[in-house]
1. Restricting to bridges with both residues inside the chain, how much of the DSSP beta-bridge set is antiparallel, in percent to the nearest 5?
2. Once every DSSP H run of n ≥ 4 in the chain is given -39500 (n - 2.57) and the sum is divided by its residues, what mean residue ellipticity at 222 nm do you get, rounded to the nearest 500 deg cm²/dmol?
3. Name the residue, out of K298, K83, K130, whose mean-square fluctuation peaks in a Gaussian network model built on the chain with Cα pairs under 10 Å.
4. R348 label point, 7 Å along Cα→Cβ, cut-off 20 Å on backbone N: hits in region 148-187?
5. At 7 Å along the Cα-to-beta-carbon direction for both Q371 and E161, put a label point, then send me their distance in nm to one decimal.
6. Which value in nm describes the separation of the simple spin-label points at L266 and K217, placed 7 Å from the Cα toward the beta carbon?
7. Could you please state, rounded to a whole Å, how far the C-alpha centre of region 342-357 is from the C-alpha centre of region 393-408?
8. Computed over the Cα atoms of the chain, what is the convex hull's projected area averaged over all directions, in nm²?
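Every read-out reported here was derived from the displayed coordinates using simple, explicitly stated rules and does not represent laboratory data. Keep in mind it's a predicted model, so treat the numbers as computed, not measured. Backbone-built Cβ (ideal geometry, glycine too); neighbour counts: all protein chains shown.
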Amino acid sequence: MAAAEARGAWCVPCLVSLDTLQELCRKEKLTCKSIGITKRNLNNYEVEYLCDYKVVKDMEYYLVKWKGWPDSTNTWEPLQNLKCPLLLQQFSNDKHIYLSQVKKGKAITLKNNSKALKPAIAEYIVKKAKQRIALQRWQDELNRRKNHKGMIFVENTVDLEGPPSDFCYINEYKPTPGISLVNEATFGCSCSDCFFEKCCPAEAGVLLAYNKSQQIKIPPGTPIYECNSRCQCGPDCPNRIVQKGTQYSLCIFRTSNGCGWGVKTLVKIKRMSFVMEYVGEVITSEEAERRGQLYDNKGITYLFDLDYESDEFTVDAARYGNVSHFVNHSCDPNLQVFNVFIDNLDTRLPRIALFSTRTINAGEELTFDYQMKGSGDISSDSVDYSPAKKRVRTVCKCGAVTCRGYLN
Ligand SMILES: [Zn+2]
Ligand SMILES: [Zn+2]
Ligand SMILES: [Zn+2]
Ligand SMILES: [Zn+2]
């Protein structure tokens, strides 16, 4: 637990280049999977990707980047020696994508009998190959860090954007110094069946939030009180949903409508089901005000006020967050925000859970309304017009019929 927390809390980027690290490993005869040096390629050569193409005396050659070796050791290899059909396919796909993009811009005639690729094409293909590797590495890292069942995939078929450079994956709130989150509830139930007995929600004066199919049945704006570490019930209790984390496989993908990264589900999600939690750094509202002045439009949209009962704290998911960091805004969203209390019963510090408002099909993008707070409705006091956030307004690109025009 401590190790996991430490991993989540500290992200130290390595300043040494990948090439240098690989050379060091080779010199010391060490394997290191995360920089691509495996037992297999420590002494052998394995194709990592193809960089360029040429024809010499009717023979086809590809410039090969060797896995675990620096660019300076790239070599031209005849096609007949290459046993990497997938990489050859990728090379050809990337070439066609580049050419179709160029054609869109200006009509140029491309000779198919050319003996070499234009430098710009080879450059694009290499960038695409490097991006693919970087995104795969990031996907692996996200899945190592996450502590829930659902897998996280990463996909960019739109542009050359790689993993975000200043983002650290966390599973739960990261309180800033001076803010303490209670990790154990003061009360636990001793039901033999939490669904039918006077359980934790009743103790808090509210209804049990879920039906027998794990769907939320209470109206937006009503708090969820789940069973906690003091309760006698086991993990199969019907009042333990949010605490089990995301169950669905989700994909962080590059949107084609200029909305940056977005999140789509890879499986069908039933209506009223828990999808994910919104986590980030927990900061005071004064600190949120200060950061709001520093952030650009995009940064500001990561600030989420915990205004369930007070307005003392804000969640900032700009630098620390989970998949919810990448979920886009929509004025007609398919996710709805609920306040949740589990081990921390301090009403100033609810956890934020996102539930589906309707059936969401596999492949559909997930969205929530950035202006919608725990109240569940856009009323004048749920829209935040604090000075920090009013300063810059971001145009909404959600495309909904009911679009309000602005994100904030
Ligand atoms: Zn109970
Ligand atoms: Zn309980
Ligand atoms: Zn229970
Ligand atoms: Zn909109």
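1. Details: 43 of 56 bridges.
For the chain, the DSSP antiparallel bridge percentage is about 75.
2. Working: 9 runs with 94 residues, N = 408.
-7000 deg cm²/dmol, from helical runs alone.
3. Its mean-square fluctuation being the largest, the pick is K83.
4. Counting backbone N atoms under 20 Å from the label point, the list is 173-187.
5. 2.4 nm
6. Roughly 3.3 nm, to one decimal.
7. Here the answer is 26 Å between Cα centres.
8. Result: 24.7 nm².
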